[in-house]
Amino acid sequence: MHASPGLRERKKQQTRQLIADTARRLFAERGFEGVPVAEVARRADVSEATVFNYFPTKEDLFYSGLEEFEEKLLAAVRDRKPGTSVLAAFRDFMLVERGVFDMKAAGGDDEATERVRTITRVITESPALLARERQVFAEYSRSLAALIAEETGAAAGDVLPAAVANALIGVHRSLIDYVRERTLTGARASQISRGVRAQAKKAFAQLEEGLADFAVREP
């Protein structure tokens, strides 16, 4: 069992959450580039140094949940049941509805739709956030490749763990692109959720089947 966090740790978690929530609210109102860190600090009633103690970069204020997501993703692969492949564990993790697509937690379709549209707008309008996102996916791929290499005992220089990790993370990236494209065309969160789930199953099924017979050119 995990011990409950002490008072000091709870206060740190509350401060971190307050700063992140404040930043996201301001970014939603004025865009990522339109909000200086100093204003986030002032609105959260903390010093600018405190903001950077919790979030090393401004981009981390927006993407504050991605570190936890990576930990859960790696744990899903690392702690999978005997007889379960890396692909199956990754797929099952990705098919869980979470965030804005967890309709109950998001407060229903209307609330979820508004949130996904806001998130999409803030990210797509910010070159800095798009660049940070690419870095995050690269970090995911490296972490997953390292885990696969450790499990399989791959020799140094073996490209297979990285190839597998990049293929799996590539599906994740493609699904995010799908969500954004559907969002920008006006689809509702419930529609996007159904669509992204179907696309995920299709993509993972193709990886499971392999690419030897995929898109073979007819004679």
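Can you name the residue in the range 143-154 that is aliphatic (A, V, I, L, M) and open to solvent by 20 Å² or more (accessible area, probe 1.4 Å) and is also nearest to Lys58 (Cα to Cα) among such residues?
Step one: of the range 143-154, the residues aliphatic (A, V, I, L, M) are 144-149, 154.
After this cut, where a residue has to be open to solvent by 20 Å² or more (accessible area, probe 1.4 Å) as well, the list is 146, 149, 154.
Details: Ala146: 28, Ala149: 33, Ala154: 37 Å.
The qualifying residue nearest to Lys58 (Cα to Cα) is Ala146.
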Pairing a residue in the range 115-142 that is over 15 Å from Thr57 (Cα atoms) with any residue that is in a helix (DSSP H, G or I) and among the hydroxyl-bearing types (Ser, Thr, Tyr), where Cβ atoms lie under 7 Å and the two sit 6 or more apart in sequence or on different chains, gives Val116/Thr183; Arg117/Thr183; Thr120/Thr183
List the number of the failed condition for Met94; all other conditions in (1) surrounded by fewer than 17 Cβ atoms within 10 Å (Cβ to Cβ); (2) aliphatic (A, V, I, L, M); (3) at pLDDT below 95 hold.
(1)
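With assigned to a loop (DSSP other than H, G, I, E, B), open to solvent by less than 60 Å² (accessible area, probe 1.4 Å) and either without any contact (Cβ under 8 Å) to a residue 24 or more places away in the chain or within 25 Å of Thr113 (Cα to Cα) (or both) as the only criterion, which of Gly195, Gly157, Gly186 stands out? Even if it seems obvious, please write down each step before you answer.
Values: Gly195 fails: assigned to a loop (DSSP other than H, G, I, E, B); Gly157 fails: open to solvent by less than 60 Å² (accessible area, probe 1.4 Å).
Answer to the check: Gly186.
Quick check on the range 170-177. Is at least one of its residues among the polar types (S, T, N, Q), surrounded by fewer than 15 Cβ atoms within 10 Å (Cβ to Cβ) and modelled with pLDDT of 95 or more? Walk me through it before giving the result.
Step one: of the range 170-177, the residues among the polar types (S, T, N, Q) are 174.
If we keep only those that are surrounded by fewer than 15 Cβ atoms within 10 Å (Cβ to Cβ) as well, we get 174.
Those left that are additionally modelled with pLDDT of 95 or more: 174.
Checked the range 170-177: at least one residue is among the polar types (S, T, N, Q), surrounded by fewer than 15 Cβ atoms within 10 Å (Cβ to Cβ) and modelled with pLDDT of 95 or more.
The values are calculated or read from the model by the stated rules, or taken from the named source; none is laboratory data. Worth saying up front: this structure is predicted, and the values here are computed from it rather than measured. A quick note on method: Cβ atoms are made from the backbone with ideal geometry, for glycine too, and the neighbour counts reach across all protein chains shown. In case anyone asks, the SASA skips ligands and DNA or RNA and just uses the protein heavy atoms, side chains included. Shrake-Rupley method; radii C 1.70, N 1.55, O 1.52, S 1.80 Å.
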